[in-house]
Amino acid sequence: MTVIFPRISVRHINNRMLENGASPPSWDKGLGASAPFYALAIFLKRARKPTPLFDGRFVAKHARPIDKFLAFLHLLSTFGFILSISIMVLLEYVLL
C-alpha cells in the first residue's frame, strides 16, 4: 500500500489540485512522504486544516471513492506495521 496509494491516489489528487490553482506540498519531491498526510486528511477533519507543511482542505475535496478505499488500506497497513514492530521489540525486550 505504500506504493499503490501514492501512485494512484496522491498523483490524481495532486493533478486535480494543480488544475484548480492549489499547489501540492513542495517538500515532497516524489518520494511519497506526503501519502500519510493525504490519507489522514481524507478521514480526519482535524487534518484538513492548513499548516505550514500541508494544506489538507483540497485533498478531501478531490478524493474519489477509490482514493478513500486506498487511503483506508494505507492507514490500516501502516498501523499494522507499527503494531507488529512494537510487539517484536517488546517481546525481544521481555525475553532477553
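The values are calculated or read from the model by the stated rules, or taken from the named source; none is laboratory data. All figures in this text were calculated on a predicted structure; none of them were measured in a lab. Don't worry about glycine lacking a Cβ; one is built from the backbone with ideal geometry, like all the others, and counts go over all protein chains shown. These accessible areas exclude ligands, DNA and RNA; they are computed on the full protein's heavy atoms, side chains included. Shrake-Rupley method; radii C 1.70, N 1.55, O 1.52, S 1.80 Å.
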Identify, from the list PHE69, PHE54, PHE79, the residue that is touching a Phe, Trp or Tyr at 6+ places or on another chain (Cβ under 9 Å), among the hydrophobic types (A, V, I, L, M, F, W, C) and either over 15 Å from VAL3 (Cα atoms) or open to solvent by 100 Å² or more (accessible area, probe 1.4 Å) (or both).
PHE54
Just name the residue that is farthest from PHE58 (Cα to Cα) out of those in the stretch 17-31 that are surrounded by 11 or more Cβ atoms within 10 Å (Cβ to Cβ) and touching a Phe, Trp or Tyr at 6+ places or on another chain (Cβ under 8 Å).
PRO25
Could you list, ordered by first residue, the pairs with Cβ atoms under 9 Å in which the first is in the stretch 34-59 and at pLDDT below 80 and the second is assigned to a helix (DSSP H, G or I) and of a type in the set (Ser, Thr, Tyr), at least 6 apart or interchain?
PHE54/TYR38
Under 9 Å by Cβ, and 6 or more places apart or on different chains, what pairs join a residue from the stretch 73-96 that is without any contact (Cβ under 8 Å) to a residue 24 or more places away in the chain with one that is open to solvent by 100 Å² or more (accessible area, probe 1.4 Å) and part of a helix (DSSP H, G or I)?
none
